[in-house]
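Engineer: Handing you this structure, nothing more for now.
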Amino acid sequence: MKLRCLCVLPGEHFGEEFGKINLMRKVPALRDGDFYLAESIAIMIYLAEKFETPDFWYPTDIRQRARVNEYLSWQHQGIRTHSSKVFWLRVMIPMVMGVEVPKEKMDAALEDLNSSLKLIEEKFLDDRPFIAGDQVSLADIVAIVEIMQPVGSGLDVFQGRLKLSAWRDRVQAAIGKELFDEAHQAILGAQENVKLLDPTVLQASKSKILRYFM
Amino acid sequence: MELYLDLISPPCRSVYLFATAVGIPFEFKLVELLEGKQYSEEFGKLNIVRKIPVLKDGSFILTESTAILMYLVQKCSSAVADHWFPANLQQRARVNEYLSWQHLNLRTHCAKVFLLKTLYPFAMGSEVPKEKMDAALDDMKQSLDLLEEKFLLDKPFILGDNISLADLVAVVELMQPLGSGVNSLESRPRLMAWKERVKKKLGEELFDQAHQKLLEAKGLQQEIQNSPHLQKLQPVFVKLFR
């Protein structure tokens with residue numbers, strides 16, 4: 001299976017060709033022969049099962065699997081929404097779209113993010129090294145990438161959160177630091193890179209974006 | 001096995017319908033949302049996230065309806081027919097794809113329409129502003145369009161010939177706006193026909209019984225307004241609408 005990278009921001013995902021791959025015009029999208037699949041969670045599970053990856057990624061043990069599924073389900077509304085919002089309110093909306101973000105909106109978004117991170121520490125990690133238990137799983141990967149999003153906006157959410165920091169280090173070690181850093185290069189460079197973006201790209205979706213985030 | 005539920009909640013209905021339809025024995029433990037029981041100290045010990053449904057199987061506690069559904073399939077594999085959550089990788093991926101997509105799409109938008117109609121006036125102390133309601137209805141419309149055009153198309157069910165967890169989770173969310181007087185199925189004959197097929201597969205009586213609390217809630221908005229239990233939760237509800 002080949003990895004084909006497409007750059008989302010310049011609008012490639014609105015092209016006709018991509019529309020055939022994913023009607024919802026979102027990434028990631030997978031194409032395996034004539035099988036098309038959207039939704040990162042579905043894609044990760046498909047890959048884990050198709051390539052028979054080591055059991056710990058998506059354990060066959062019923063309770064451990066349930067713990068992974070529980071996190072993968074909760075995280076959509078539980079953290080993804082909030083971490084994404086913080087990124088848009090801190091970077092995309094003020095820096096690319098040139099729109100000022102009211103203080104109450106930012107404060108509310110940060111409050112939600114903080115509540116989510118607290119829940120991750122207290123419920124999903126608790127006293128375990130990883131979400132499912134002793135070993136890393138898909139849940140930890142899905143968690144860490146969302147948490148890195150506000151970090152890319154210049155907000156160090158790991159500061160003052162010892163449990164979360166220690167878990168991050170473990171996840172990095174489990175994935176491989178080099179790979180982790182490579183994968184996060186774009187988001188960590190976001191504040192610089194967005195200065196190079198053409199603001200007109202988002203103009204068409206401006207009212208929708210503002211309505212959604214503000 | 002215990003299931004902590006309130007059938008006014010769509011994810012509770014999907015778990016209830018599945019377990020009952022396939023014959024998995026469980027004890028129904030009511031957590032009355034309109035009385036704010038999810039905020040009780042007792043419930044907090046069961047689930048710190050303070051949401052339902054919750055499954056308790058011996059000492060094992062599990063939250064999140066989609067995780068619970070998959071747990072039940074795995075645990076009771078001999079009682080659950082393959083079509084619910086197929087072993088075939090690509091078909092299973094289709095179910096996972098829908099279950100993932102629906103959280104922030106159909107579920108969020110149908111729930112928003114319902115909450116704006118029933119909870120907004122109580123939480124915010126005024127009627128819903130027209131633009132807000134219109135925006136929510138527009139979002140719901142887009143999700144319903146995608147349900148029809150990407151997930152269902154002209155197939156009898158989302159996966160094809162037979163019902164799966166995807167149809168179950170979709171139908172309970174789609175029903176929610178009806179509890180607030182908004183007909184999500186209006187002018188959508190394809191979805192109406194699909195809903196009837198899903199209902200038949202689950203059992204018509206069971207489907208109606210599961211949706212009774214939602215549909216018979218006369219003046220839900222009034223009930224919320226008058227509820228003494230919910231008064232102190234008003235600041236919590238405000239957060240839903242900011």
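The values are calculated or read from the model by the stated rules, or taken from the named source; none is laboratory data. Since the model is a prediction, treat every value here as computed from it, not as a measurement. Every residue, glycine as well, gets a Cβ built from its backbone with ideal geometry; the counts of neighbours run over all protein chains shown.
Engineer: Anything in region B:80-108 that is within 24 Å of A:Q75 (Cα to Cα) and either touching a His at 6+ places or on another chain (Cβ under 8 Å) or β-branched (V, I, T) (or both)? List them, or say none.
Structural biologist: Matches in region B:80-108: B:V95, B:S100, B:H103, B:L104, B:T108.
Engineer: Name the pairs whose Cβ atoms lie under 6 Å apart, with the first residue in region A:149-174 and within 14 Å of A:I120 (Cβ to Cβ), the second β-branched (V, I, T) and assigned to a helix (DSSP H, G or I), and 6 or more positions between them or separate chains?
Structural biologist: Close Cβ pairs (under 6 Å, with a partner that is β-branched (V, I, T) and assigned to a helix (DSSP H, G or I)) amount to A:P150/A:V86; A:V171/A:I144.
Engineer: What's the total number of residues in region A:127-167 that are among the aliphatic types (A, V, I, L, M) and in a loop (DSSP other than H, G, I, E, B)? Break it down stepwise before answering.
Structural biologist: Applying the first criterion (among the aliphatic types (A, V, I, L, M)) to region A:127-167 yields A:131-132, A:136, A:138-139, A:141-145, A:147-148, A:151, A:155, A:157, A:162, A:164, A:166.
After this cut, where a residue has to be in a loop (DSSP other than H, G, I, E, B) as well, the list is A:131-132, A:136, A:155, A:157.
Number of matching residues: 5.
Engineer: Just for region A:37-75: of the residues that are surrounded by fewer than 15 Cβ atoms within 10 Å (Cβ to Cβ) and either more than 8 Å from chain B (Cβ to nearest Cβ) or hydroxyl-bearing (S, T, Y) (or both), which one is nearest to B:G58 (Cα to Cα)?
Structural biologist: Per the stated criteria, the residue is A:D61.
Engineer: Considering only region B:102-156, state which residues are away from chain A (no Cβ under 14 Å) and of a type in the set (S, T, N, Q).
Structural biologist: Selection gives B:T118, B:S126.
Engineer: So, one more: Look at B:L55 and say whether it is within 13 Å of another protein chain (Cβ to nearest Cβ) and either free of Cβ contacts under 8 Å to residues at least 24 places away in the same chain or not in a helix (DSSP H, G or I) (or both). Explain how you work it out, then say what you get.
Structural biologist: On the way: within 13 Å of another protein chain (Cβ to nearest Cβ): yes; either free of Cβ contacts under 8 Å to residues at least 24 places away in the same chain or not in a helix (DSSP H, G or I) (or both): yes.
Yes: the conditions hold for B:L55.
Engineer: Then there's this: Failed condition for B:L34, given (1) in the same structural domain as B:S14 (by TED's automatic domain parsing); (2) within 24 Å of A:F124 (Cβ to Cβ); (3) in a helix (DSSP H, G or I); (4) of a type outside the set (D, E), with all others met?
Structural biologist: Unmet for B:L34, out of (1) in the same structural domain as B:S14 (by TED's automatic domain parsing); (2) within 24 Å of A:F124 (Cβ to Cβ); (3) in a helix (DSSP H, G or I); (4) of a type outside the set (D, E): (2).
Engineer: Also, I was wondering about something else. List the pairs whose first member sits in region B:141-156 and is within 17 Å of B:P189 (Cβ to Cβ), whose second member is of a type in the set (K, R), and whose Cβ atoms are under 9 Å apart, counting only residues at least 6 apart or on separate chains?
Structural biologist: B:L144/B:R188; B:E148/B:R188; B:E148/B:R190; B:F151/B:R94; B:L152/B:R190; B:L153/B:R190; B:D154/B:R190; B:P156/B:R197
Engineer: Considering each of B:L72, B:L99 in turn, give the residue that is in contact (Cβ under 8 Å) with a residue 24 or more places away in the chain and outside the structural domain of B:V171 (by TED's automatic domain parsing).
Structural biologist: Details: B:L99 fails: outside the structural domain of B:V171 (by TED's automatic domain parsing).
None of the other options fit; the residue is B:L72.
Engineer: Kindly list the number of the only condition in (1) away from chain A (no Cβ under 14 Å); (2) surrounded by 14 or more Cβ atoms within 10 Å (Cβ to Cβ) that fails for B:L240.
Structural biologist: Going through (1) away from chain A (no Cβ under 14 Å); (2) surrounded by 14 or more Cβ atoms within 10 Å (Cβ to Cβ) one by one, B:L240 breaks only (1).
Engineer: Looking at B:V182 and the list (1) assigned to a loop (DSSP other than H, G, I, E, B); (2) surrounded by 14 or more Cβ atoms within 10 Å (Cβ to Cβ); (3) out of contact with any Leu (no Cβ under 8 Å at 6 or more places or on another chain); (4) of a type outside the set (S, T, N, Q), which single condition is not satisfied?
Structural biologist: (3)
Engineer: Based on what the data block shows, is B:K29 crowded, with 17+ Cβ neighbours inside 10 Å and in contact with a strand residue (DSSP E or B) (Cβ under 9 Å, 6 or more places away or on another chain)?
Structural biologist: Values: crowded, with 17+ Cβ neighbours inside 10 Å: no; in contact with a strand residue (DSSP E or B) (Cβ under 9 Å, 6 or more places away or on another chain): yes.
No; evaluated as a whole, the condition is false for this residue.
Engineer: Condition first: polar (S, T, N, Q), surrounded by fewer than 19 Cβ atoms within 10 Å (Cβ to Cβ), away from chain A (no Cβ under 11 Å) and in contact (Cβ under 8 Å) with a residue 24 or more places away in the chain. Can you find one or more residues in region B:76-84 that meet it? Show your work before the answer.
Structural biologist: Just the residues of region B:76-84 that are polar (S, T, N, Q), to begin with: B:77-78.
Checking which are surrounded by fewer than 19 Cβ atoms within 10 Å (Cβ to Cβ) leaves us with B:77-78.
Now narrow it down to the ones that are away from chain A (no Cβ under 11 Å): B:78.
Still in the list and also in contact (Cβ under 8 Å) with a residue 24 or more places away in the chain: none.
No; the residues of region B:76-84 include none that is polar (S, T, N, Q), surrounded by fewer than 19 Cβ atoms within 10 Å (Cβ to Cβ), away from chain A (no Cβ under 11 Å) and in contact (Cβ under 8 Å) with a residue 24 or more places away in the chain.
Engineer: For a quick check of your reading: which helices (runs of 4 or more DSSP H) sit entirely within region B:194-239 and have at least 2 residues that are acidic (D, E)?
Structural biologist: Numbers: elements: B:204-210, B:212-215, B:220-226, B:228-231, B:234-238.
Result: B:204-210.
Engineer: Still on this structure: From the list B:A217, B:A170, which one is more than 22 Å from B:L99 (Cα to Cα), surrounded by 13 or more Cβ atoms within 10 Å (Cβ to Cβ) and not assigned by TED's automatic domain parsing to the domain that holds B:M70? Even if it seems obvious, please write down each step before you answer.
Structural biologist: On the way: B:A170 fails: more than 22 Å from B:L99 (Cα to Cα).
Residue meeting the stated conditions: B:A217.
Engineer: From the set of residues in region B:58-72 that are at the interface with chain A (Cβ under 7 Å from one of its Cβ atoms) and in a helix (DSSP H, G or I), which is nearest to A:K123 (Cα to Cα)? Spell out how you get there, then give the answer.
Structural biologist: Pass one, region B:58-72, residues at the interface with chain A (Cβ under 7 Å from one of its Cβ atoms): B:60, B:62-64, B:66-67, B:70-71.
Remaining after also requiring in a helix (DSSP H, G or I): B:66-67, B:70-71.
Details: B:T66: 18, B:A67: 16, B:M70: 20, B:Y71: 19 Å.
Among those residues, the one meeting the criterion is B:A67.
Engineer: Condition first: closer than 30 Å to B:K232 by Cβ and not in a helix (DSSP H, G or I). Now tell me which residues in region B:126-154 satisfy that.
Structural biologist: B:S126, B:E127, B:V128, B:P129
Engineer: Okay, moving on. Please tell me if B:A123 is of a type in the set (A, V, I, L, M), touching a residue at least 24 places away in the same chain (Cβ under 8 Å) and not in a loop (DSSP other than H, G, I, E, B).
Structural biologist: Working: of a type in the set (A, V, I, L, M): yes; touching a residue at least 24 places away in the same chain (Cβ under 8 Å): yes; not in a loop (DSSP other than H, G, I, E, B): yes.
Yes, satisfied.
Engineer: Same structure again: Of the residues B:K29, B:K45, which is in a strand (DSSP E or B) and more than 10 Å from chain A (Cβ to nearest Cβ)?
Structural biologist: Working: B:K45 fails: in a strand (DSSP E or B).
It is B:K29.
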